[in-house]
Amino acid sequence: MSLLTLEGIRVSLEGRSVIERADLAIEPGAVVGLLGPNGAGKSSLLRVACGLQRVDAGAVRLEGQDLSTAQSRWKARRMAFMPQEGGAPPRMGLGDLVALGRLPWGETGQTARQHAAVRFALSATGLVDLADRPASSLSGGERARMFLARTLAVDARVILVDEPVAALDPAHALSVMRILRDVAAQGRAVVVVLHDLTLAARFCDRLVLMTRGRILADGRPDEVLTDERIARAYHVRARWLGETPVPWEIIAHSDEDA
């Protein structure tokens, strides 16, 4: 049974179609990568999935229950969302901010900080030594890991993350993707918006490629990331280089002559 299902999703904003007839089923144990150019509808689809974006048509089901009628606390315990922009952190310590992930469970203060999920989140993101530092003093990359740690601290069955590696150096980007991979291996479902095709191909079980509000392809990385589909979605021509650190070479815009 799917943990999360999106059925016939349509979204328009200010009279403009953002998502058109999107269907998606997320199984436990999988890392699903949402790919596509800027404006493809990836972040909007993720917001729909967690109930933060109203739809014109369609339904979202979490563990079989219609998300629009589910109780807020029930949803908050089963689904955790890390937005693309975490915003300026409040004036509190990093460890206390990460512990806010335990609020849906009614845990606060030291009780929350001592929870195993918070300890795991700090350790997995490499933030244990920074736990007592003011969150406002962190670098951009440290903040990105802090917001991911808060998301993990919820200990939810479904984890939705929007561009978690955008502000990270290569080493930390790899570390974050390994964390998401390990979390999924625990029987959870992870949906992650990515722009890095190499990371997507390496760490995701399944890729959903979007363009202009539609799902262009949904399947294994080798099925989705074909030269033809990369050209259709991103309007560039790419060449597969094989099992190398950077498996694609962008040759030119797809509308240019070879």
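The values are calculated or read from the model by the stated rules, or taken from the named source; none is laboratory data. Just so it is clear, the structure is predicted and the values come from calculations on it, not from any experiment. Note that each Cβ is placed from the backbone with ideal geometry, even for glycine, and that neighbours are counted across all protein chains shown.
If I ask for residues that are touching a residue at least 60 places away in the same chain (Cβ under 8 Å) and either in contact with an Asp or Glu (Cβ under 7 Å, 6 or more places away or on another chain) or under 14 Å from Ile26 (Cβ atoms) (or both), which ones from region 55-95 would you list? Listed by number, the residues that qualify are Leu62, Glu63, Gly64, Arg78, Met79, Ala80, Phe81, Met82, Pro83, Gln84. Looking only at residues in region 121-140 that are assigned to a helix (DSSP H, G or I), surrounded by fewer than 17 Cβ atoms within 10 Å (Cβ to Cβ) and touching a residue at least 24 places away in the same chain (Cβ under 8 Å), which one is nearest to the chain's Cα centre (by Cα)? Among them, the one singled out is Gly140.
Of all residues in region 48-89, those satisfying the criterion of being within 23 Å of Glu163 (Cα to Cα) and small (Gly, Ala, Ser) are Ala49, Gly51, Ala76, Ala80, Gly86, Gly87, Ala88.
Is there a residue being among the charged types (D, E, K, R) and part of a loop (DSSP other than H, G, I, E, B) anywhere in region 28-48? Within region 28-48 (the criterion being among the charged types (D, E, K, R) and part of a loop (DSSP other than H, G, I, E, B)), the answer is no, since none of the residues qualifies. When each of Val246, Val224 is tested for being modelled with pLDDT under 90 and within 17 Å of Leu194 (Cα to Cα), the lone residue that passes is Val246. All conditions but one from (1) in a loop (DSSP other than H, G, I, E, B); (2) surrounded by 20 or more Cβ atoms within 10 Å (Cβ to Cβ) apply to Val60; the one that does not is (1).
Scanning region 117-157 for residues that are among the polar types (S, T, N, Q) and closer than 21 Å to Arg188 by Cα yields Ser123, Thr125, Thr151. Can you tell me which of Val165, Val190 is modelled with pLDDT of 95 or more and buried (at least 20 other Cβ atoms within 10 Å of the Cβ)? The unique qualifying residue is Val190.
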